[in-house]
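Here the structure comes first, spelled out in structure tokens, and everything after it is commentary.
The values are calculated or read from the model by the stated rules, or taken from the named source; none is laboratory data. Source: prediction; values computed, not measured. Cβ coordinates were reconstructed from backbone atoms using ideal geometry, including for glycine residues, and neighbour counts include every protein chain displayed. Side chains are part of the model used for accessible areas, which takes the heavy atoms of the whole protein and leaves out ligands, DNA and RNA. Shrake-Rupley method; radii C 1.70, N 1.55, O 1.52, S 1.80 Å.
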Amino acid sequence: MDCVVKRACWIFLLAALVWFSPGLWAEAPTVVANSAGEIFPLPTEVYGDATETHLMAKLANRARREPLNVVATVIFFLAILHTFLAPKIMHWSHRIRDRHLEQMEREGRAVARHSQDGAVSEVSFAAQALHFLGEIEAVFGVWVLPLLLALIFVKDWQVAEKYLTETVHFTEPLFVVIIMTIAATRPVLLTSEQAMLWVSDRLGGSAAAIWFSVLTLGSLLGSLITEPAAMTISALVLARQIYERKPSPALAYATLGLLFVNVSIGGTLTHFAAPPVLMVAGKWGWSALYMLEHFGWKSVVAILVSNAVYWAWFRREFATLQAPVIEGGESQSWATRKNPVPPWITLVHFAFLAWTVFTAHYPVFFIGGFLFFLAFLASTEHHQNPVELRSPMLVGFFLAGLVVHGGLQSWWIAPVLESLGPTSLFLGATALTAFNDNAAITYLASLVPSLTESLKYAVVAGAVTGGGLTVIANAPNPAGQSILAKYFNNEIAPLKLFLAALVPTAVAAAVFIFLA
């Protein structure tokens, strides 16, 4: 036991020092060389430290062999720090904007606070720049610029070019943009909401019943239509049915933490829907039946227990929540059309959704399908809502930044995973995921040839368990944040989210450990 505790302490110490890396996707890094023949990033075997037993000595050797490893990790540390400062930066941008508008009014210049009339007022460059830097989804993309400069300066342009065009792969970010867009269309939303409300009606139809239904069924949808789509639908329905009722900050954060954790573990009933499972299922031969037997039913138990705990805690507040404003059966906040959607249009939408999921690994197919989908939207516009691409594009930008940074972090994550036993690996994967994208942990674990079945279970269970602790812990989380941020004054506090997600994270950990 002392050995387990000691190894866990090493993990948390390493976490405090280097802060962890983001996600790697689908394929192993491609080795590229510059004009001088230098290889970058270095393959594991080049370091020559396979027999080194001391973790810190191995990391020190790799840092000496390739100093750019340290530079890339420091840049990622700064990006992580930026994510925690983003709400404050957004607050500064709003203050500068307001002062600028007040000054224009004092000087008698026209101010167009809204753009419905087509007017465009003079804007503050400083306010707009800070607003962009305060968007959490933009952070990692912004920090790609200094990383690119470091690659060019330390190596050369050829290495930087090949790293971005050949080493990293952007299939997952592209997929998330498209699946979010399709999932957020009116026919899909109405159908999903109706299914959840049907269940909530069987439970009494109260606000608590709606809340419980969305956080249970919506989370488990991630195993069928993928986690990004489930997050999008669940967040939009929660916005309409719960957040429009103006819950207390405590309930608002508790709901957000539950949503993030539940979606992270709710995608484990199948082998194709959750990114951390996708990273290993093919290589380890995990089928849908295997996932259901070893992970799926435990995820259902954890989701039901966590929801029940928070329902019991907030049951009195649920009874006081007022119904949201409804016009024509649909809230004006997300559905502006009042005419019903014909069933055949709904079927076509779900067919496009299924096509995107089926071809998730082949951009040429799902991007081509999306172009046909846009044409279908235009031809059925009278039954549709306007397509909003801002949130999907920001989330895609976020994930693309994670991909770029993540390709340069394996030098230290892989040795960490290799040094752990089952219990410490579970705890370590959970801790790493809190400041990481959980697909990175499972992907890197798939590169370790000596993992036993118990270690494989531990790393995947730990990765999905920690997927709700922070916005960057699981790929779909930025989608949920972008949809629900306005209910938190566009400033979701990372610490409050972390604390809100602790209880369901602890429940999931207990279920995966003691029911193993």
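Between Leu347 and Ala319, the contour length at 0.36 nm per residue exceeds the alpha carbon distance by 6.4 nm. For Ile39, no residue has an amide H sitting under 5 Å from its own, ignoring neighbours fewer than 5 places away on the same chain, with H placed 1.01 Å from N.
Please compute the net charge surrounding Trp411, taking Lys and Arg as +1 and Asp and Glu as -1 over other residues with Cβ under 15 Å from its Cβ. Local net charge: -1. You can think of it this way: the chain between His383 and Leu371 has 2.5 nm of extra reach, that is 0.36 nm per residue less the Cα-Cα gap.
Any idea what angle helix 171-183 forms with the longest principal axis of the chain, computed on alpha-carbon atoms, 0 to 90 degrees, nearest 10? The two axes meet at around 20 degrees.
Between Val139, Leu444, Val261, the Cα set farthest toward the positive side of the dipole of the chain (charges on each charged residue's Cβ, about the Cα centre) is that of Val261.
Ranking Phe212, Phe358 by solvent-accessible area of protein heavy atoms (1.4 Å probe, all protein chains present), from largest to smallest, gives Phe358, Phe212. Taking a straight line from the alpha carbon of Lys283, these lysines sit under 24 Å away, with near neighbours fewer than eight places off in the same chain left out: Lys298, Lys456. Taking the radius of gyration and the Kirkwood hydrodynamic radius from Cα positions alone, what is the Rg/Rh ratio for the chain, to two decimal places? For the chain, the value is 0.97.
Taking a straight Cα-Cα cut-off under 26 Å and skipping sequence neighbours fewer than 8 places away in the same chain, the lysines within cross-link reach of Lys88 are Lys246, Lys486, Lys496. Helix 422-434 versus the longest principal axis of the chain: what angle, 0 to 90°, nearest 10, using Cα atoms? Once rounded, the angle reads 50 degrees.
With every protein chain left in place, what is the accessible area per residue of the chain in square angstrom, probe 1.4 Å? Spelled out: the 1.4 Å probe surface of the chain, per residue, equals 43 Å². Straight-line reach from Lys155: taking Cα to Cα under 20 Å and skipping same-chain neighbours fewer than 8 places apart, the aspartates and glutamates in range are Glu38, Glu66, Glu166.
Sorting 231-238, 316-323, 246-253, 450-457 by their mean Cβ neighbour count within 10 Å, with the most densely packed peptide first, gives 231-238, 246-253, 450-457, 316-323. What is the helix-to-structure angle for 249-266, meaning the angle in degrees between its Cα long axis and the longest Cα principal axis of the chain, kept from 0 to 90 and rounded to the nearest 10? Roughly 60 degrees between the two axes.
Calculated mean residue ellipticity, 222 nm, the chain: -20500 deg cm²/dmol, from DSSP H runs (n ≥ 4) at -39500 (n - 2.57) each, averaged per residue and rounded to 500. In terms of its C-alpha gyration tensor, the range 210-274 comes out prolate, because a/c is 1.5 or above and the ratio a/b outweighs b/c.
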